[in-house]
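The values are calculated or read from the model by the stated rules, or taken from the named source; none is laboratory data. Bear in mind the structure is a predicted one, so any value in this text is a computation, not a measurement. Note that each Cβ is placed from the backbone with ideal geometry, even for glycine, and that neighbours are counted across all protein chains shown. Accessible surface areas use protein heavy atoms only, side chains included; no ligands, DNA or RNA. Shrake-Rupley method; radii C 1.70, N 1.55, O 1.52, S 1.80 Å.
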Amino acid sequence: SLASTAITCFTRGLDLRKGTEDVLCPANCPLWQFYVFGDGVYASLSSICGAAIHRGVITNAGGAVRVQTLPGQENYPAVNANGIQSQMLSRWASSFSVTPVTKDTALEAVGRSVSTARPSTGKRPKKTLDKKAGNKDCKADIAFLIDGSYNIGQRRFNLQKNFLGKVAVMLGVGIEGPHVGVVQASEHPKIEFYLKNFTSAKEVLFAIKELGFRGGNSNTGKALKHTAQKFFSLENGARKGIPKIIVVFLDGWPSDDLEEAGIVAREFGVNVFIVSVAKPTTEELGMVQDIGFVDKAVCRTNGFFSYQMPTWFGTTKYVKPLVQKLCSHEQMLCSKTCYNSINIGFLIDGSSSVGESNFRLMLDFVSNVAKAFEISDIGSKVAAVQFTYDQRTEFGFTDYVTKEKVLSAIRNIRYMSGGTATGDAISFTVRNVFGPVKDGPNKNFLIVLTDGQSYDDVRAPAAAAQKAGITVFSVGVAWAPLDDLKDMASEPRESHTFFTREFTGLEQMVPDIIRSICKDFLDSKQ
């Protein structure tokens, strides 16, 4: 049987190197983010896990999939299946199929996906896990915020340490794997050790054993805020581009307020998990300041970031599910990623040569790009300007802060019709749309969509936009001159210039544009 490789929600067919390969899809991939082209035979541009769910080989709980490379073909159909709408593609150079993996191979895959590096007793065959590197499939910088208050007491504090030790071992702490640190919450927070202090599970285990109980009120809010602000600095060992996570262990309920701390954590791009043990009983609820304390603190209130255990006894069965959550990095929605930390301004050509029906195709393209991002008040934002000789701001970055509202605003844009002054339109957008957000935390992108020659100079306005820190993509259709498109695009121009003869060709560019945006975002973070 083939060994399985753990992949992410976004790994595509063309990212694999072998003719046949067994892969392991993670659980809980965001279905709406999948790009899948075809049905049964999928274009290699498609997400493997998306195709596997579409085909019914696995569910959203993830699992093992066998991927077979196939030759390219004409006409990949669009089919809706198992909650995923696949898209049409007229031709692509290579394809793949997905089939289930038989039982014996599946078991082997599970063993490999989560490292169970227990100390060897001699009886058990040693796992081939490179101890120093750690579990490379789990990229995370984690602070465990443990409860050191009188609420928990010395005895349960020790049980909490045991549980924490098991989690650290199963995570597979190592140089290239997860890094962990511990903060104790009591009256005043105390950082026990930082991410950079220990790089092996063995050392972490020893450090956890040495932790002493502090006692005092459970000022979890205070400790959470302190951890979000101070713990993840580069000099303390935080790594660039890797999700920051705080796992809060809470016995009972907090003595202080978690809401403000939760807001601070989200602003710092930290994913907060709450592991609550021994929930307050009905009689105790009167003593709890805020019954909804869990929802106030977590990264998102989608149920993924909260975790409950009835008591500190017999917690072994809770170790693996918690570790799987901490390692599924696509779910870490509060970390800064290209999906949640950018502003995209669309500059849309409304000139007479476009025509009403092609204008609709342009708006579909805008929607399809916007749809891939996590739009919210603390996430990515979208704005749109339509231009002829004049410019009209359809909506600015702060007008709509949910994806539904943005998509509905795009649908409602009315076609203007008129001349083409692209240069003026770029200057207008930089000043009026990007001006108000220029000091914000998000990275700025401008996508210029045009179907023809501009009557004015595009080079100087585009250079000014780039100087203002805006990455410019030019997307040309039909009669748009390649020289204009290249003059507007950011460097390297090849990867920021797109062209199609027909308006119907816009749809196929969507995945490439999203990928280019994410690549730029990552390069800017290095």
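Checking Pro71 against (1) surrounded by 15 or more Cβ atoms within 10 Å (Cβ to Cβ); (2) modelled with pLDDT of 85 or more, which single condition isn't satisfied?
(1)
Out of all the residues in the stretch 310-334, which are crowded, with 19+ Cβ neighbours inside 10 Å and either in a strand (DSSP E or B) or among the small types (Gly, Ala, Ser) (or both)?
Selection gives Ser328 alone.
Would you pick out the residues in the stretch 184-239 that are part of a loop (DSSP other than H, G, I, E, B) and hydrophobic (A, V, I, L, M, F, W, C)?
Result: Leu195, Phe198, Leu211, Phe213, Phe231, Phe232, Ala238.
Yes or no, residue by residue, for (1) in contact with a Leu (Cβ under 9 Å, 6 or more places away or on another chain); (2) among the aliphatic types (A, V, I, L, M); (3) open to solvent by 10 Å² or more (accessible area, probe 1.4 Å); (4) more than 22 Å from Trp92 (Cα to Cα):
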residue	(1), (2), (3), (4)
Thr20	yes, no, yes, no
Leu24	no, yes, yes, yes
Leu31	no, yes, yes, yes
Ser44	yes, no, no, no
Cys49	no, no, no, no
Ala52	no, yes, no, no
Val57	no, yes, yes, yes
Gly62	yes, no, yes, yes
Arg66	yes, no, yes, no
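Considering only the stretch 240-271, how many residues are among the aliphatic types (A, V, I, L, M) and assigned to a loop (DSSP other than H, G, I, E, B)?
So the count comes out to 2.
Please enumerate the residues belonging to the stretch 472-526 that are within 26 Å of Gly13 (Cα to Cα), buried (at least 20 other Cβ atoms within 10 Å of the Cβ), among the hydrophobic types (A, V, I, L, M, F, W, C) and free of Cβ contacts under 8 Å to residues at least 40 places away in the same chain.
Phe498
Of the numbered conditions (1) within 21 Å of the chain's Cα centre (by Cα); (2) buried (at least 20 other Cβ atoms within 10 Å of the Cβ), Thr402 fails exactly one; give the number of that condition.
Failing condition for Thr402: (2).
Can you find a residue that is assigned by the TED database to the domain that holds Arg300, in contact with a helix residue (DSSP H, G or I) (Cβ under 7 Å, 6 or more places away or on another chain) and without any contact (Cβ under 8 Å) to a residue 24 or more places away in the chain anywhere in the stretch 208-229?
no
Quick one: which of Asp451, Asp456, Asp520, Asp483 is closer than 30 Å to Asn75 by Cβ and among the acidic types (Asp, Glu)?
Result of the check over Asp451, Asp456, Asp520, Asp483: Asp451.
Would you please name the residue that is nearest to Phe521 (Cα to Cα), looking only at residues in the stretch 395-448 that are touching an Asp or Glu at 6+ places or on another chain (Cβ under 6 Å) and among the small types (Gly, Ala, Ser)?
Applying the filter and picking the extreme gives Gly423.
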